[in-house]
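Structure first, then comments.
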């Protein structure tokens with residue numbers, strides 16, 4: 001019997017970072033990997049989380065960290081091409097030094 005991956009497994013893949021070019025591994029926590037755990041940059045590919053429906057494709061710079069009572073710490077990205085903003089939950093393997101630098105004025 002062969003195993004057919006679910007749609008979530010097919011979309012939850014690793015990638016090469018648009019900013020630092022390091023490999024970002026597949027997210028292992030059952031969620032989509034949407035930013036590089038090394039430099040925290042992303043790519044504008046989603047309209048809704050995981051849908052890969054955005055046409056822009058521009059690099060998204062991490063610009064702030066926020067806190068949500070339900071989701072915990074949230075990383076805020078701004079697209080360097082179209083200025084769209086997105087909010088994403090931090091991943092357990094995110095680089096804390098970069099995260100802390102975003103919190104400094």
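Can you pull the Rg over Rh of the chain, Cα-only, Kirkwood?
Values: Rg = 14.0 Å, Rh = 14.3 Å.
On the Cα set of the chain, Rg over Rh gives 0.98.
Over region 7-103, what is the mean sequence separation of C-alpha contacts under 8 Å (at least six apart), divided by residue count, expressed as relative contact order in percent? Each step should come with its number before you reach the end.
Details: 177 pairs, mean separation 19.1, N = 97.
With pairs under 8 Å counted, the relative contact order is 20 percent.
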Review point. Between residue 101 and residue 26, what is the FRET efficiency for a Förster distance of 30 Å, r being their Cβ-Cβ separation, to the nearest 0.05?
Key: 0.70
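Only the coordinates and a few stated rules stand behind these numbers; no lab work does. No experiment lies behind these values; they were computed from the predicted model shown. As a convention, Cβ positions derive from the backbone with ideal geometry for all residues, glycine included, and neighbour counts pool all protein chains shown.
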